[in-house]
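K.L.:
I'd like to ask some things about the structure below.
The values are calculated or read from the model by the stated rules, or taken from the named source; none is laboratory data. Everything numeric in this text was worked out from a predicted model, so none of it was measured. Positions of Cβ are backbone-derived with ideal geometry, glycine not excepted, and every protein chain shown enters the neighbour counts. All accessible areas refer to the heavy atoms of the entire protein, side chains included, with ligands and DNA or RNA removed. Shrake-Rupley method; radii C 1.70, N 1.55, O 1.52, S 1.80 Å.
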Amino acid sequence: MLFLACAAALAGTTVAVGEEARSFLDRHCVACHGADVQEGDVRLDTLALPPHDPAEADVWRRVYRAVDSGEMPPAEEPRPDAAAADRLLDQVSAELAKASDPSPALRRMNRVEYENTVRDLLGIDADLADLLPEDGSVQGFDNVAGGLGLSSILMERYLEAADTAFDHVIRRVKPLPPATRRAVLMEVKDNIEAVEQAKGGVIAREGAYVDFTPGWPPARVDPAHPIEAGTYRCRVAVWPHEPSEHRTLAVAIFVGPLFGPGQRKLAGIFDVTGTPDQPRIIEFEARMAELDAIHILPWIYPEHVTWRDKEEPRPGVGIVWSETYGPLDQSFPSEPQKRLFGESDTISTVEGDPVYIRHRRGAKSHRVESSAPREDAERIIRSFLPRAFRRPVAVELAEPFVQLTLSRLDAGSSFEDAVRAGVCAALCSPHFLLLSREPDVDDYEIASRLSYFLWSSMPDEKLLRLAAEGKLCDPAVRRQQVARMVDDPRRERFVESFTGQWLDLRDLEFTTPDKKLYPEYDELLLRSMAGETRGFFRHLLDEDLSVRNFIDSDFAVLNQRMAEHYGIEGVRGHEEFRVVSLPEESVRGGILAQASLLKVTANGTSTSPILRGAWVLENLLGQPAPPPPAGVPAVEPDIRGATSIRDQLDKHRADASCARCHARIDPPGFALEEFDVIGGHRERYRTIEKGDRVEKVNYRLGLAVEKGDRLPDGREFANFLEFRQKLLDDSDAVARCVAEKLLVYGCGRPVSVEDRASVEAVLEKSRANDYGLRSMIHAVVESELFLRP
């Protein structure tokens, strides 16, 4: 066997390896790693199990990974019996586990968990994650021990975030009664001028402002801007202009500042239906700041072609009017203020100095005061701490926070500022920030592990009540709670976070495809890519469908934009995603043929079998390829006169140090060459300079796609469909990878060679339901790893 890196020479000659393991090494390994030959400076005939020292344990881990991945023995050598290999892996893992001393999975919240927790704790709607630095990642996830340390700079950021959160608790200005503010677009001066000057091609028809693109000029709805912050019911009236029979028009609506910095949040993508006489009324609720705008953007597909087609009228969106009604949240004092300060005869909201609010005169700021400040401050802090720390709090632990608050009062601070000091101190405390911090896993610890796994936030009242009753140690109760939590809307946090990291959806916008090569790419397609993959994952979760569907499925979850991108007929509407049956020989189905995955594994201009192959090995097979050896150059286009990607890689992997890994990486990469950088199925590459011309676009068709290869075990495939079948034949490996990913994410700790038994236990418990995704989640929560300190 040949290993990638050198190992220190192993001292001693005693070989305490089981007879079967020794037989395996003698039969498959010692010829290249024995007394006479030590390829890679690795000797295995003297290897002891249990290992004598950490260096020996590291060699066993490398043996494990090489055998598990199929990298070793080399392809030219006889393959070991699969059952024998599994028995070797079981023994190595078990012995390494006995010899190891696993450290507790101590970690802090990541920044998304922090934002969710503070929001749920205080009942506020505040953007806090962006105030904190990016989190470290371990084994592909940013909620894992080892990647989430603490620093003085981070503590400063936490203090800033806590202060911002406290500001959102108190409503400073008494809200006006709810009212409707409406903008009829063709009564707004800016829109009238845009039509008169034909800016961006906008026109007026049937009393509506007709826009054709999401570009300049924006549809101005200034009279509908709210004049104070709050929650508003928004409505927009639209109808389709010249849509044609085969096209469904869509509009994206964002809420946020009209110009300058500030985050614009997507309220939704909506189908544009109706007529000028009976337009569609789009309705939604949104949190809006003072003078926030409703941004109405036509997302019309295929806009990139129709403007060239003189025989077809150009489609657009007629926007009639827009309105806001609110603020809907009329509570004063605010509900978050009542939650934190409590409702007491000694607590009052006092009117203070006038404040400037555009379009509103006579507004005055308010502050919170108390007629019994010391008693109220102590009560507030003592009541707040158990909720913040997610468990009962001993008097000794609470005392420093209480004394800090009281000391601020003694120093002359206002009642409100004294409470702020105590609350912010709690929100920066290790007892708030750290998860899995207890030496023993009690019911409160289990409650937090469940909630941060499935909701990325603190436990709710139900979980905490069960913890107080000592019931969460009961597996049956945990199973009931997992079922409840997976059906709760807050599970969307799990869907978004897990798919965002496992399937790299967070990187979906990292590259922008070349407009000349991929003119059909637009933001509607981008958003639909993410919607498809999350919808697919959500469907498997809801129906407890097998994780084998990640390899291949007879259905997809599509809207019209994705269906047309894939060449699938009969799906109308971009707004809703639905389960669509696929033909038996469809290349779609599973995640490998989903446009989102294919985009995040490309660079926007070209595809790389290396990048895609490495992605498949790590994220679908759980067998990551090692990094390239130092000094080996990356593959560059047309190196040494190569004319195709296969020629490039053949020249590149002629180096023996590269060939071994490329034998594993390249095959899945070549199978995915059938798909371009935005997930379109192709027979030939697109090019700008050389190739056959294509009507109405600027790109040409170049070389034929090379899509066949041979797997390390010698099995050959001619195309993606045959490769996918090979994966199905090895679907247990994919199920094992999904189980590992769920364990890493759900337990917040790395999964190592020593944890093989935990992974196998999850597989065994979910096997009865054909490795159902929901069943796997239940098995993760029941696993020893989930309950380990």
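K.L.:
Which FRET efficiency, nearest 0.05, do residue 125 and residue 693 yield, Cβ-Cβ r, R0 56 Å?
P.N.:
That pair, residue 125 with residue 693, gives E of 0.55.
K.L.:
At 7 Å along the Cα-to-beta-carbon direction for both residue 757 and residue 461, put a label point, then send me their distance in nm to one decimal.
P.N.:
Between residue 757 and residue 461, the label points sit 4.2 nm apart.
K.L.:
Starting from the amide H of residue 145, placed 1.01 Å from N in the peptide plane, find each other amide H under 5 Å away whose residue is 5 or more places distant or on another chain.
P.N.:
749
K.L.:
If you don't mind, there's one more thing I want to ask. In nm, to one decimal, how far is the modelled label at residue 285 from the one at residue 414, with both set 7 Å along Cα→Cβ?
P.N.:
About 3.0 nm, to one decimal.
K.L.:
For residue 435, enumerate residues with amide H under 5 Å from its amide H, sequence gap 5+ or separate chain, H modeled in the peptide plane.
P.N.:
Counting only residues 5 or more places away or on other chains, the set is 107, 108, 109.
K.L.:
Below 12 angstrom from the Cβ of residue 349, what's the summed charge of the other residues (Lys, Arg +1; Asp, Glu -1)?
P.N.:
With Lys, Arg at +1 and Asp, Glu at -1, the neighbours total +2.
K.L.:
Just to check I understand the Karplus step: with θ = phi - 60° and J = 6.51 cos²θ - 1.76 cosθ + 1.60, what whole-Hz values come out for region 256-273, glycine and proline as x?
P.N.:
Coupling constants for region 256-273: x, x, 6, 10, x, x, x, 7, 9, 9, 6, 7, x, 10, 10, 6, 9, 10 Hz.
K.L.:
Further, regarding this structure: Per 0.36 nm of contour for each residue apart, how much would the distance between residue 767 and residue 173 grow if the chain were fully extended, relative to their Cα-Cα spacing?
P.N.:
Extra length available between residue 767 and residue 173 comes to 208.1 nm.
K.L.:
In addition: When the accessible area of region 180-296 is computed with all protein chains present and a 1.4 Å probe, what percentage of it is carbon and sulfur?
P.N.:
Exposed carbon and sulfur together represent 49 percent of the surface.
K.L.:
Averaged per residue, what accessible surface does region 155-219 expose to a 1.4 Å probe, in Å²?
P.N.:
52
K.L.:
Whose amide H sits under 5 Å from the amide H of residue 688, counting only residues 5 or more places off or on another chain, with H placed in the peptide plane?
P.N.:
700
K.L.:
How many percent of all Cα-Cα pairs in the chain sit more than 45 Å apart? Please report the intermediate quantities before stating the final value.
P.N.:
Values: 114381 of 310866 pairs.
Cα-Cα pairs in the chain separated by more than 45 Å: 37 percent.
K.L.:
Moving on to the next point. I'm checking a number: the convex hull volume of the Cα atoms of region 60-201, normalised per residue, in Å³. What is it?
P.N.:
In region 60-201, the Cα hull volume divided by residue count equals 322 Å³.
K.L.:
Using 0.36 nm per residue, how much length does the chain from residue 101 to residue 205 gain when fully extended, once their Cα-Cα distance is taken away?
P.N.:
30.0 nm
K.L.:
In addition: Given the DSSP H assignment, sum -39500 (n - 2.57) over each helix run of at least 4 residues in the chain and divide by its residue total; what's the result at 222 nm in deg cm²/dmol, nearest 500?
P.N.:
One gets -12000 deg cm²/dmol as the mean residue ellipticity at 222 nm.
K.L.:
Report ³J(HN,Hα) in whole Hz for each residue of region 557-567, in order, from the Karplus equation J = 6.51 cos²θ - 1.76 cosθ + 1.60 where θ = phi - 60°; Gly and Pro get x.
P.N.:
Using θ = phi - 60°, the values come out as 10, 10, 10, 5, 4, 6, 4, 5, 4, 8, x Hz.
K.L.:
Next up: Between residue 729 and residue 361, what is the FRET efficiency for a Förster distance of 60 Å, r being their Cβ-Cβ separation, to the nearest 0.05?
P.N.:
Calculated value: 0.20.
K.L.:
Within the set of other residues whose C-beta is less than 9 Å from the C-beta of residue 434, count the net charge using Lys and Arg as +1 and Asp and Glu as -1.
P.N.:
Summing Lys/Arg as +1 and Asp/Glu as -1 gives +3.
K.L.:
Please name which of 510, 528, 451 has its Cα lying farthest along the dipole of region 451-534 towards the positive end, using unit charges on Cβ (Lys, Arg +1; Asp, Glu -1) and the Cα centre as origin.
P.N.:
451
K.L.:
Still on this structure, I have one more. Residue 683 versus residue 331, label points 7 Å from Cα toward the beta carbon: distance in nm?
P.N.:
Each label point lies 7 Å from its Cα, and together they span 6.3 nm.
K.L.:
Keeping all protein chains in the complex and leaving out DNA, RNA and ligands, what accessible area do you get for residue 521 with a 1.4 Å probe, in Å² to the nearest 10?
P.N.:
Answer for residue 521: close to 20 Å² accessible.
K.L.:
Which FRET efficiency value, to the nearest 0.05, do you get for residue 278 and residue 231 by plugging their Cβ-Cβ distance into 1/(1 + (r/R0)^6) with R0 = 41 Å?
P.N.:
Once rounded, the FRET efficiency stands at 0.90.
K.L.:
Okay, next question. If you stretched the chain out fully between residue 394 and residue 434, how much longer would it get, using 0.36 nm times the residue separation minus the C-alpha to C-alpha distance? Working shown, then result.
P.N.:
Numbers: separation 40, 0.36 × 40 = 14.40 nm, distance 1.74 nm.
Fully extending the segment from residue 394 to residue 434 adds 12.7 nm.
K.L.:
Here is a follow-up. Answer rounded, prolate or oblate for region 496-628, using the Cα gyration tensor with square roots of eigenvalues a ≥ b ≥ c: rounded when a/c is under 1.5, else prolate when a/b is larger than b/c, else oblate.
P.N.:
The shape class here is oblate.
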